[in-house]
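What follows is one structure encoded as structure tokens, with my remarks underneath.
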Amino acid sequence: MTDRLMLLDSASLYFRAFYGVPDTVRSPDGTPVNAVRGFLDIIAKLVTTYEPTHLVACWDDDWRPQWRVDLIPSYKTHRVAEVVEAGPDVEVVPDPLEAQVPVIREALAAFGIAVLGAADHEADDVIGTLATRATMPVDVVTGDRDLFQLVDDSRGVRVIYTARGMSNLEVLTDAAVVAKYRVLPSQYADFATLRGDSSDGLPGVAGVGDKTAATLLAAHGDLDGIITAAAAGEGVSAGLQAKITAALPYLEVAPTVVNVVRDLDLPTLETRLDPLDETQRADAAKLAERWGLGGAVDRLIAALDRT
């Protein structure tokens, strides 16, 4: 089997699991475990379908880093439950899901699946760094379009996009990104900067949507090229010149916010997937009994047995 690294955007997946599995799924003591069970089933499906040899559950150690907020104050504002002066802001997370996150971490540990985050950074940045330094093909699993910027056929980096559900997964290559947005993956961050993204609180350039952003990038290559052309009045209409000029303060800082970090100093972890040994199987059985996760635990064990 050819080595392949799979990087999970963990929060994206456990939110999907929480909303996709009924909250009537509970442990013997009545605690909701729908997100835990759904998350384990997602991993089992991914491992079975795409056959990674290595796997990392990438974590949001800070889902809204202050250095991004300092540059664009509206960044993810609509998802803030509480602003914390001396630490990461509190995200709006349903209480029944928040209570399950430690159980998810416990389950990942029981299965020997590596978990990795980085202080003051999002899971996207951990994914960006691991994908950039990988020496094998990479599958990034996410429902977040921001990570389309990592797609790179020349390095075997794909995105497995979950937005349409786990039964309708999309595998995004260079050609797939171009077909969706008419931009190359290497242009996607500039594309997102220009058109904005309400889900992340990015205002974009007023009056510039997907089509205009793609047209500008096709003509001028990248954001710097567009700004230069607008300043010189070359190949950019008077109306667009005015819009780009008005947005210059935003355009100066937005790329730092939108581009994922690719050079974090991350520890080296054991990421290879292997069948569980007897001790791990016993631990997984205890986990399954305590939380009522029998079927999901069995399915993930079976998936790992095929690695």
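Being in contact with a helix residue (DSSP H, G or I) (Cβ under 8 Å, 6 or more places away or on another chain), charged (D, E, K, R) and not in a strand (DSSP E or B), is that true of even one residue in segment 167-177?
yes
Among the candidates R68, R64, R105, which residue alone is of a type in the set (K, R) and in a loop (DSSP other than H, G, I, E, B)? It would help to see each step written out before you state the result.
Working: R68 fails: in a loop (DSSP other than H, G, I, E, B); R105 fails: in a loop (DSSP other than H, G, I, E, B).
It is R64.
What's the number of the condition D222 fails, among (1) closer than 18 Å to F148 by Cβ; (2) in contact with a Gly (Cβ under 7 Å, 6 or more places away or on another chain)?
(2)
Can you tell me which of L273, L304 is assigned by TED's automatic domain parsing to the domain that holds A109, within 24 Å of L5 (Cβ to Cβ) and buried (at least 19 other Cβ atoms within 10 Å of the Cβ)? First the steps, then the outcome.
Values: L304 fails: assigned by TED's automatic domain parsing to the domain that holds A109.
One residue alone meets the criteria, L273.
Which one of G209, G201 is among the small types (G, A, S) and surrounded by 15 or more Cβ atoms within 10 Å (Cβ to Cβ)?
G201
Show the residue pairs meeting these rules: Cβ distance below 9 Å; 6+ apart or different chains; first residue within segment 106-121 and surrounded by fewer than 19 Cβ atoms within 10 Å (Cβ to Cβ); second residue among the aromatic types (F, W, Y) and in a helix (DSSP H, G or I).
Taking only residues 6 or more apart or on different chains, the pairs are E106/W291; D120/W67.
Which of the residues belonging to segment 136-165 are at pLDDT below 95 and over 20 Å from F191 (Cα atoms)?
Selection gives R164, G165.
The values are calculated or read from the model by the stated rules, or taken from the named source; none is laboratory data. Keep in mind the model is a prediction, meaning the values are calculated, not measured. With ideal geometry, Cβ positions are generated from the backbone for all residues, glycine too; neighbour counts draw on all protein chains shown.
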